[in-house]
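Chemist: After the structure tokens below, expect a handful of questions from me.
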Amino acid sequence: MLAVKIYSRAYIDTAEKRYAALLETLSDDTPPAVCNHLALALDRYFLHRLRSSEGGDGNALNELRMIADGVAECGGVMTRDATIDYRPEDSVLGIAIGSELALRPADLKKLAKSVFAEVRKRFT
């Protein structure tokens, strides 16, 4: 698959509706391990996004990339990405580097809202 520079508005809208429907099935007692893996599902919608279009300024897409990498490759720990200027205090969820990822449904909703806004800004 080639890197994607532009996503259609229809694709973004459909992805957002599907992800929102998924989030509606969660309850406050949904285990963090499940929520962590649902971050991978969010990342998958935009897996082939062009890194130069995504930027590296610590935006919501960068944060999602780091969370997904932490879940899939780093044992569930938020790990630094040398290509991203990530500052927890400026991020959506405020997760410190080296922290165990333990996302909750409210975190996913907040992150998804920011991710979809960032995709619309950078990829349409």
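Chemist: Testing Thr83 on (1) over 22 Å from Ile12 (Cβ atoms); (2) part of a helix (DSSP H, G or I); (3) not acidic (Asp, Glu), one condition comes back false. Which one is that?
Modeler: Every listed condition holds for Thr83 apart from (2).
Chemist: Continuing with this model, one more query. As an exercise: evaluate Cys35 against (1) loosely packed, with under 15 Cβ neighbours inside 10 Å; (2) part of a helix (DSSP H, G or I); (3) in contact with a Lys or Arg (Cβ under 8 Å, 6 or more places away or on another chain); (4) among the hydrophobic types (A, V, I, L, M, F, W, C) and give the number of the one condition it does not meet.
Modeler: It fails just one condition, (1).
Chemist: If you go through segment 54-78, how many residues are over 18 Å from Cys35 (Cβ atoms) and either surrounded by 14 or more Cβ atoms within 10 Å (Cβ to Cβ) or touching a strand residue (DSSP E or B) at 6+ places or on another chain (Cβ under 6 Å) (or both)? It would help to see each step written out before you state the result.
Modeler: Pass one, segment 54-78, residues over 18 Å from Cys35 (Cβ atoms): 54-59, 61-62.
Retained after the next criterion (residues that are either surrounded by 14 or more Cβ atoms within 10 Å (Cβ to Cβ) or touching a strand residue (DSSP E or B) at 6+ places or on another chain (Cβ under 6 Å) (or both)): 54-56, 58-59, 61-62.
Count: 7.
Chemist: OK, next. I'd like the residue in segment 9-32 that is without any contact (Cβ under 8 Å) to a residue 60 or more places away in the chain and in a loop (DSSP other than H, G, I, E, B) and, out of all such residues, is nearest to Arg122 (Cα to Cα).
Modeler: Residue satisfying both the conditions and the ranking: Thr25.
Chemist: Just for segment 86-124: of the residues that are polar (S, T, N, Q) and under 15 Å from the mean Cα position of the chain (by Cα), which one is farthest from Tyr11 (Cα to Cα)? I'd like the intermediate steps shown before the answer.
Modeler: To start, the set of residues in segment 86-124 that are polar (S, T, N, Q) comprises 91, 99, 114, 124.
Right, trim to under 15 Å from the mean Cα position of the chain (by Cα) and you get 91, 114.
Working: Ser91: 25, Ser114: 17 Å.
The selected residue is Ser91.
Chemist: I would also like to ask the following. In segment 39-51, which residue that is in contact (Cβ under 8 Å) with a residue 40 or more places away in the chain and not in a loop (DSSP other than H, G, I, E, B) is surrounded by the fewest Cβ atoms within 10 Å (Cβ to Cβ)?
Modeler: So the residue we want is Arg51.
Chemist: Another one. Can you confirm whether Ala96 is within 24 Å of Thr124 (Cα to Cα), touching a helix residue (DSSP H, G or I) at 6+ places or on another chain (Cβ under 6 Å) and at pLDDT 95 or above? Explain how you work it out, then say what you get.
Modeler: Numbers: within 24 Å of Thr124 (Cα to Cα): no; touching a helix residue (DSSP H, G or I) at 6+ places or on another chain (Cβ under 6 Å): yes; at pLDDT 95 or above: yes.
Against the criterion (within 24 Å of Thr124 (Cα to Cα), touching a helix residue (DSSP H, G or I) at 6+ places or on another chain (Cβ under 6 Å) and at pLDDT 95 or above), Ala96 does not qualify.
Chemist: Enumerate the pairs (first residue in segment 52-80 and assigned to a loop (DSSP other than H, G, I, E, B); second residue anywhere and buried (at least 17 other Cβ atoms within 10 Å of the Cβ) and among the small types (Gly, Ala, Ser)) with beta-carbon separation below 6 Å, excluding pairs fewer than 6 apart on the same chain, so at least 6 apart or on different chains.
Modeler: Short answer, once both residue conditions are applied: Met78/Gly70; Thr79/Gly70.
Chemist: Identify, by number, the condition in (1) aliphatic (A, V, I, L, M); (2) assigned to a helix (DSSP H, G or I); (3) touching a His at 6+ places or on another chain (Cβ under 9 Å) that Leu2 doesn't meet.
Modeler: It fails just one condition, (2).
Chemist: Of everything in segment 79-120, what is of a type in the set (Val, Ile, Thr) and either closer than 25 Å to Lys5 by Cα or surrounded by fewer than 14 Cβ atoms within 10 Å (Cβ to Cβ) (or both)? Give them in sequence order. Explain how you work it out, then say what you get.
Modeler: So in segment 79-120, the residues of a type in the set (Val, Ile, Thr) come out as 79, 83-84, 92, 95, 97, 115, 119.
Within segment 79-120, Thr83, Ile84, Val92, Val115, Val119 meet the criteria.
The values are calculated or read from the model by the stated rules, or taken from the named source; none is laboratory data. Just so you know, these numbers come straight off a predicted model, no measurement behind them. Cβ coordinates were reconstructed from backbone atoms using ideal geometry, including for glycine residues, and neighbour counts include every protein chain displayed.
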